[in-house]
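The values are calculated or read from the model by the stated rules, or taken from the named source; none is laboratory data. In this text, all values refer to a predicted model and were calculated from it rather than measured experimentally. A quick note on method: Cβ atoms are made from the backbone with ideal geometry, for glycine too, and the neighbour counts reach across all protein chains shown. Each accessible area value is taken on the protein alone, full model and side chains, heavy atoms only, with ligands, DNA and RNA left out. Shrake-Rupley method; radii C 1.70, N 1.55, O 1.52, S 1.80 Å.
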Amino acid sequence: MNTSVNTRAKMKGIFMLKFAQSTEWPAEYKQGEFVIAVINDDDLAKTLEMTTKTKGVNSQPVKVKRYTSSAEVEKCHVMYIGGKSAGEIEPFAKKANNYNTLIITETPGVIDRTSCINFVVSGSLIKYEMNTKLMKDQGLVVSNSLEKLALKVIK
Amino acid sequence: MRLLIPILVFILTVPIELRAQLDPASLALRAYQSKDLEKAKELIDIAIDDEMSGARARTWVFRGYIYKDIYKLDQLSPDGREKRDESIRSYKRALELDTDGEFTNDCMESLRFLSTTMYNDAARSLEGGDFKPAVEYYEKYKELARFRKPDLDFTGRDVEFKSFHASKLSLLYEKEQTNNPDSLSEEIVRLYKEVIELDSNDVQANYNLAIHYYNQGVHIIDNMDYELPFEELFLIQEKVMVLFQNALPYMLKAYKLTPGKSATLQGLSGIYFGLNDIEKSEFYQKKLEALEGK
C-alpha cells in the first residue's frame, strides 16, 4: 500500500497553487518570493514545498512558511489556516487582513466573513466556495474561471 | 525402481518371435537398455511407422518412456519440452490402442508426472516474468490433468495460479516496468476478479485488488500538476475517486474476513481518507492503533 502520499494534502496543495495562479496581486506583490503560509497542516506545507521545488507561481519562486501563532504572521500571498472552528482561524485571518493575502480555509461556516476560499467536501470530491467580496477587500483580482467552478460564490 | 517395473513389463510383453526378428521396436529396446536414448528414439520412431508395430499399444508406451527420459535430461530447453509433448502424445495414443487396459496405469502415472512438470513450468515462467508461456503451460497442464481425471476440480489450482500471476504483474506495475500501464492494470484487475469469482472469501485477492485500485489513485494524485487547466484537475479528481470507490468493497470484504489484521485496517483508513471521509478514516485508524497497542 502506497502510504508515501497524503492524498488530501496533495489535492489541496494543487488546488491552492491553481488558486494562486488564477489570482492577481497588487504590483508590489509581483516581485521576490511568492510566500505561502500554512497553519495547522504540516503535510500540506510539505506537499507545497515538494510541488514547488522546481517551479514557482506566476514566475516567482515559492517560499512556504509555517506559523504556529498569529503573532508570527507577516506579509504573505496565500495563507492556509487549518482548524476546526472559526475561533481557531480568526486570530490568523485578522492579522492577514493587514496584507493582500488570499486566505484559504477548510472549516464550515467561515466563508461568509473570514475566508476568501474555503474547501468543502462534496460527494467525496474536494471542491471550494468563494467570497469574492472579501477577495476584493483584500485587493485581489480573481479570474472568472475560478469563480465559475466554485460550489458557491459570495459576492 | 518405479521406472524399471514398467520397462520390465514391456520387455516381458514383447513377443519372443518379434524380439528374435530384431524389428525396430526390439532394437529400440536394446538401445534403451544400453542407455542410448537417441538411438532408441530413432528406432522407436521407425517402429511406429510400421503398420504392425504402430498398431500396438506397447510400442507407443515404450515411445512415451523414451521421449520422457530424453525430456528428463533436458527439461528446460524448447527441444526438451518438445520431447515431453511427444511423450504425452505417445501415451495418449497408447491408451487409445490399449483396449485391454494392460498399460493404462503406467500411462496414467507417466501422464501424471508430465502434467506436474507442465505446472512447474507454468510457475517457473511466471516467476521469471514470462507470462504468455506461463499461461500456455498452465492450460496444457489443465488439459492433461483433465484427460487423466475428467472430473478434477481446478478451483484451488486456478486460484493459486491466477493469484500468483496477478501478484507478479502487480510488481511490474508498481515498479513502472511497462510501456502500457493501463493494459497491465486491466490484466491485474481481471485476474484478481477471476480469483474472487472462484473464491469470494479469498482474503489476499480481495486485499490485493483493493490495494491495486487504491495505489492507482494515489499514483495519479501524486503526478498531478498545477499547470493543468482547472477543469482537468476536477476530472482527474473524479477519476481518482472512482478508483478509491472501486477499492472500498474489496477492502471491506478483506476486513470482514480478517477483522484483526492491521493491513486491512490501514487499508480502510487510507481508502476512506482518500475518499475524504475523515470520520471513517479515523475510526479505522483508531482500531489500528488499538490493535497495535499504541
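Structure notes:
- Across all directions, the shadow cast by the convex hull of region B:192-294 built on its C-alpha atoms averages 7.0 square nanometres.
- Using 0.36 nm per residue and subtracting the Cα-Cα separation, the extra length available between B:Leu152 and B:Glu38 on full extension is 37.5 nm.
- At least 40 Å² of accessible area lost relative to the chain alone, listed for region A:105-135 with a 1.4 Å probe: A:Ser124, A:Leu125
- Working note: Karplus 6.51/-1.76/1.60 with θ = phi - 60° gives region B:227-240 the couplings 7, 5, x, 3, 4, 5, 4, 5, 5, 5, 4, 5, 4, 5 Hz, where Gly and Pro are set to x.
- The phi-based Karplus calculation (6.51 cos²θ - 1.76 cosθ + 1.60; θ = phi - 60°) puts the 3J(HN,Hα) values of region A:21-33 at 5, 9, 10, 10, 9, x, 3, 5, 8, 8, 10, x, 6 Hz, whole numbers, x for Gly and Pro.
- Exceeding the 31 Å Cα-Cα cut-off - candidates A:Lys65/B:Lys261; A:Lys10/B:Lys286; A:Lys63/B:Lys287; A:Lys148/B:Lys286: A:Lys65/B:Lys261; A:Lys63/B:Lys287; A:Lys148/B:Lys286
- Considering only beta bridges that DSSP places wholly inside the protein assembly as shown, some 30 percent are antiparallel.
- For A:Leu102, the residues whose modelled amide H falls within less than 5 Å of its own, excluding neighbours fewer than 5 places apart on the same chain, are A:Val78, A:Met79.
- Counting Cβ atoms of other protein chains within 10 Å of each Cβ in B:226-232 and taking the mean gives 5.
- Region A:93-132 residues near the modelled A:Ser69 label - backbone nitrogen below 20 Å, point 7 Å along Cα→Cβ: A:93-98
- Taking Cβ atoms as reference points and 12 Å as the exclusive limit, the residues near A:Ser122 contribute a net charge of 0, counting Lys and Arg as +1 and Asp and Glu as -1.
- Packing-based ranking, highest mean first, of B:133-140, B:153-160, B:84-91, B:265-272 given that Cβ atoms within 10 Å are counted: B:265-272, B:84-91, B:133-140, B:153-160
- Proximal lysines to B:Lys35, defined as alpha-carbon separation beneath 20 angstrom and excluding residues fewer than eight positions away on the same chain: B:Lys68, B:Lys72, B:Lys83
- Summed over the residues of chain A and divided among them, the accessible surface reaches 44 Å² per residue at a probe radius of 1.4 Å.
- Given charges at Cβ of Lys, Arg, Asp, Glu: the protein assembly as shown dipole, positive-most of A:Tyr99, A:Leu125, B:Ala263: A:Tyr99
- Chain B, Rg to Rh (Cα coordinates; Rh as Kirkwood inverse mean 1/r): 1.21
- Positive-end ranking of B:Met118, B:Leu235, A:Cys116 along the dipole of the protein assembly as shown, with charges on Cβ about the Cα centre, is headed by A:Cys116.
- For the protein assembly as shown, the Cβ-based charge dipole about the Cα centre amounts to some 1320 debye (Lys, Arg positive; Asp, Glu negative; other atoms uncharged).
- Dividing the Cα radius of gyration of the protein assembly as shown by its Kirkwood radius returns 1.28 for Rg/Rh.
- Förster radius 25 Å - calculated FRET efficiency between B:Ser200 and B:Lys261, Cβ distance, rounded to 0.05: 0.90
- Cβ-placed point charges (K, R +1; D, E -1), dipole of region B:192-294 about Cα centre in debye, nearest 20: 600 debye
- Shielding by other protein chains, A:2-15, mean Cβ within 10 Å: 6
- Of all accessible heavy-atom area on region B:30-129, the percent that carbon and sulfur account for (1.4 Å): 47 percent
- Region B:149-208 and region A:100-155 have Cα centres spaced 45 Å apart.
- Coupling constants for region B:47-57 follow from the phi torsions by the Karplus curve (6.51 cos²θ - 1.76 cosθ + 1.60, θ = phi - 60°), and in residue order they are 4, 6, 7, 6, 4, 6, 4, x, 8, 9, 4 Hz; glycine and proline get x.
- Relative contact order (%) - chain B, alpha-carbon pairs under 8 angstrom, separation at least six: 8 percent
- Between B:Leu73 and B:Thr178, the modelled label-to-label distance comes to 4.2 nm, taking each label 7 Å out from Cα in the direction of the beta carbon.
- Cα-based helix-to-principal-axis angle, B:181-198 vs chain B, degrees rounded to 10: 70 degrees
- Within the shell of other residues whose beta carbon sits under 12 angstrom from the beta carbon of B:Leu198, the net charge comes to -4, with Lys and Arg scored +1 and Asp and Glu -1.
- Qualifying aspartates and glutamates (Cα of each under 16 Å from Cα of B:Lys142; at least 8 residues distant if same chain): B:Asp85, B:Glu109, B:Asp121, B:Asp151, B:Asp153, B:Asp158, B:Glu160
- On Cα atoms only, tilt of B:104-127 relative to the major axis of chain B in degrees: 40 degrees
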